[in-house]
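Visitor: Could you have a look at this structure, given as structure tokens, before my questions?
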Amino acid sequence: MVRKRGENGVIILAGLFFTAFVFIIFRFYAVAWKQEYVPAASMEHTFTMKIGKCQGTIYDRNMIPIVNAGSVLKAAAVPEFLDREQTAGYAVDKDGFYSEFDKGKPFVFECNSKALESDGLTIFEVPVRYSSNQSARHIIGYLSDGKGVDGIEYAYDSILRNSFPENCVSYTTDGSGHILIGDGKKVYRTNSYKTGVVLTIDRDIQEICEECGKNINTGTVVCADIKNGDILGMASFPVYDPGNIEKALYDKRCPLINRALYSYSVGSVFKLVTASAALEQGYGGFLYQCDGKTDIEGKIFNCHKLDGHGLQDIAEAMTNSCNTYFINLARCLDISEYRRLAYYIGFGRESILCSGIIGTSGSVPTEKELSIPAELANFSFGQGKLTATPLQITQLTCAIANNGEMPILQLIKGLTADGESIGSKKKALFSKVMSSETAKEIRDIMFLAVNENEKSNARSKRVSVGAKTSTAQTGKFDSEGEEQCHAWITGFFPSNEPKYAVTVLIENGGYGNDAAAPIFKDIAEKIIALENREDI
């Protein structure tokens with residue numbers, strides 16, 4: 001049978017349609033069975049909101065948070081399941097809330113304590129890193145781009161900003177991305193922020209140091225436990241705002257510097273070392289007639305009392321802070337042993353508290369330099385090439401107050417994983433630097449230097465103290481030609497059973513008794529009141 005040409009065309013066209021149909025059916029089933037092309041409506045998708053960046057905590061010695069001390073409430077909101085006006089009543093920033101709510105997408109806002117959880121509202125308590133009046137600023141340091149760049153924030157960055165699980169809420173969504181409330185909502189609340197670093201700092205004592213020293217233009221206060229070397233307070237002035245580092249960089253007072261770690265001319269507080277060396281070498285009975293000046297191989301050294309102090313023993317010379325007495329006492333000493341004692345106490349050596357928080361070594365004249373009479377004379381009363389940090393001076397006082405057993409100052413107590421127990425505890429380290437007899441005699445001398453001196457501004461009716469002041473010459477002069485001097489005091493209390501050593505330094509502060517001693521007295525009284533739970 002012969003078909004017409006038109007019929008052949010129809011058959012061919014029908015065949016093409018059939019082939020195309022079979023191909024489409026085949027692709028349909030292929031797509032249907034491949035998981036990645038299953039319609040979204042039949043798959044489980046999740047949407048997750050993270051609430052607050054989780055960072056570890058820095059604690060004081062009593063496990064009281066120094067950072068993360070406060071908190072705010074934050075709410076994860078899903079607008080389609082909330083009443084706009086009712087929920088706005090929970091918002092701290094209502095204008096911001098309305099702006100986000102009206103976008104129709106899930107968002108996070110800060111809420112007040114009246115907020116109630118619901119299917120569309122999940123509330124979290126989130127720690128606030130720093131408070132508006134943050135204490136221990138120079139110890140804590142600060143952050144930049146979420147990383148620690150100074151202080152403890154830098155030293156323990158990897159621990160404080162580990163890969164912690166964060167507060168979050170997850171929702172199941174349908175194929176169109178709409179959130180499904182009910183069993184599809186999963187909430188995770190973290191306590192990872194409890195992990196952190198435990199300091200030796202006592203928060204209350206730290207705040208006392210900061211409060212008492214708040215009027216210091218530039219300077220520092222250090223307080224330590226004489227029994228174990230724990231630094232209980234370390235305040236540097238001026239303070240700075242971590243939210244405005246640029247301002248601090250342009251401040252001529254250099255507020256970013258932790259002045260407890262920097263070395264300065266020491267002055268008369270070093271007479272404590274000279275006196276200790278004399279006692280150790282058997283010169284405790286040295287007497288000297290001060291007539292206001294002394295000639296050391298052609299170089300004249302004046303006493304601050306131009307008409308002299310007369311005949312003095314070691315205790316009277318310390319009370320009077322007589323330079324000429326100590327100059328001539330030092331000439332009797334074995335220079336090698338004298339210098340070695342200073343080194344054993346910590347002068348000329350760094351004070352390593354942790355990575356990035358290191359007290360400078362300062363400078364101590366060499367034995368060869370001290371063989372020059374004028375250099376030895378300057379060294380005897382803390383001038384010349386000698387420089388030291390407030391940490392080193394505090395460590396000296398700890399040695400004297402702790403019967404010659406000098407504790408090495410430390411800032412880190414350990415680490416914690418739960419905010420309750422302490423692991424990796426740091427052990428107290430000690431060095432016997434002088435005999436207990438020498439230490440006791442120096443304590444008695446420091447007690448007399450305050451309590452037998454009617455002009456001493458360190459004397460207190462509330463607590464008995466032993467201390468030594470200093471007015472350290474710097475060789476720098478102000479616009480009026482007056483030499484700028486650093487004001488120092490270092491001491492211990494209570495004098496009968498010493499617990500605390502405190503050092504105050506005020507850069508260019510003038511006389512130690514005028515500028516530093518009143519602050520020392522105030523700190524001592526407030527710490528004892530704190531111990532006794534008294535108001536002051």
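Visitor: Quick check on segment 371-395: of everything there that is surrounded by fewer than 23 Cβ atoms within 10 Å (Cβ to Cβ) and in contact with a helix residue (DSSP H, G or I) (Cβ under 6 Å, 6 or more places away or on another chain), which residue is nearest to TYR500 (Cα to Cα)?
Guide: GLY384
Visitor: A further question on this structure: Test of understanding: among LEU370, LEU272, LEU376, LEU306, which residue is modelled with pLDDT under 95 and under 24 Å from THR474 (Cα atoms)?
Guide: Working: LEU370 fails: modelled with pLDDT under 95; LEU272 fails: modelled with pLDDT under 95; LEU376 fails: modelled with pLDDT under 95.
Unique residue meeting the criteria: LEU306.
Visitor: To continue, here is another question. Condition first: in a strand (DSSP E or B) and within 21 Å of ILE314 (Cα to Cα). Can you find one or more residues in segment 450-465 that meet it?
Guide: No, segment 450-465 contains no residue that is in a strand (DSSP E or B) and within 21 Å of ILE314 (Cα to Cα).
Visitor: Being under 22 Å from the mean Cα position of the chain (by Cα), within 19 Å of MET446 (Cα to Cα) and surrounded by fewer than 20 Cβ atoms within 10 Å (Cβ to Cβ): is that true of LYS247 here?
Guide: Criteria not met by LYS247.
Visitor: Got a sec? Which of SER464, SER470, SER479, SER495 is hydroxyl-bearing (Ser, Thr, Tyr), free of Cβ contacts under 8 Å to residues at least 24 places away in the same chain and in the same structural domain as HIS304 (by TED's automatic domain parsing)?
Guide: Exactly one residue qualifies, and that residue is SER479.
Visitor: Could you run through segment 149-178 and say how many residues are closer than 30 Å to ILE358 by Cβ and of a type in the set (D, E, K, R)? Lay out the reasoning, then the answer.
Guide: Within segment 149-178, the first condition is being closer than 30 Å to ILE358 by Cβ, and the residues that meet it are 149-164.
Now restrict to residues that are of a type in the set (D, E, K, R): 150, 153, 157, 161.
Residues meeting the conditions: 4.
Visitor: Pick out the one residue from VAL222, VAL239 that is touching a residue at least 12 places away in the same chain (Cβ under 8 Å) and surrounded by fewer than 23 Cβ atoms within 10 Å (Cβ to Cβ).
Guide: VAL239
Visitor: Oh, and also: Quick one: would you say SER118 is within 27 Å of VAL221 (Cα to Cα), surrounded by fewer than 20 Cβ atoms within 10 Å (Cβ to Cβ) and either assigned by TED's automatic domain parsing to the domain that holds TYR262 or in contact (Cβ under 8 Å) with a residue 24 or more places away in the chain (or both)? Spell out how you get there, then give the answer.
Guide: On the way: within 27 Å of VAL221 (Cα to Cα): no; surrounded by fewer than 20 Cβ atoms within 10 Å (Cβ to Cβ): yes; either assigned by TED's automatic domain parsing to the domain that holds TYR262 or in contact (Cβ under 8 Å) with a residue 24 or more places away in the chain (or both): yes.
So SER118 fails the test.
Visitor: When you scan segment 98-193 for strands (runs of 3 or more DSSP E) that lie fully inside it, which ones turn up with 1 or more residues that are more than 27 Å from GLY243 (Cβ to Cβ) and either under 40 Å from the mean Cα position of the chain (by Cα) or modelled with pLDDT of 95 or more (or both)?
Guide: Numbers: elements: 107-111, 121-128, 168-173, 186-188.
Result: 121-128, 168-173, 186-188.
Visitor: Consider LEU411 against the criteria (1) of a type in the set (A, V, I, L, M, F, W, C); (2) touching a Gly at 6+ places or on another chain (Cβ under 7 Å); (3) within 30 Å of THR190 (Cβ to Cβ): it satisfies all of them except one. Which criterion is unmet?
Guide: (2)
Visitor: Something else about it: Given (1) among the hydroxyl-bearing types (Ser, Thr, Tyr); (2) within 30 Å of THR218 (Cα to Cα); (3) in contact with a Ser or Thr (Cβ under 6 Å, 6 or more places away or on another chain), identify the lone condition not met by THR471.
Guide: (3)
Visitor: Here's something else I'd like to know. Condition first: among the charged types (D, E, K, R) and surrounded by fewer than 18 Cβ atoms within 10 Å (Cβ to Cβ). Now tell me which residues in segment 303-345 satisfy that.
Guide: Within segment 303-345, the first condition is being among the charged types (D, E, K, R), and the residues that meet it are 305, 307, 313, 316, 331, 334, 337, 339-340.
Selection gives LYS305, ASP307, ASP313, ARG331, ASP334, GLU337, ARG340.
The values are calculated or read from the model by the stated rules, or taken from the named source; none is laboratory data. Predicted model, so just to flag it, every value in this text is computed and none were measured. With ideal geometry, Cβ positions are generated from the backbone for all residues, glycine too; neighbour counts draw on all protein chains shown.
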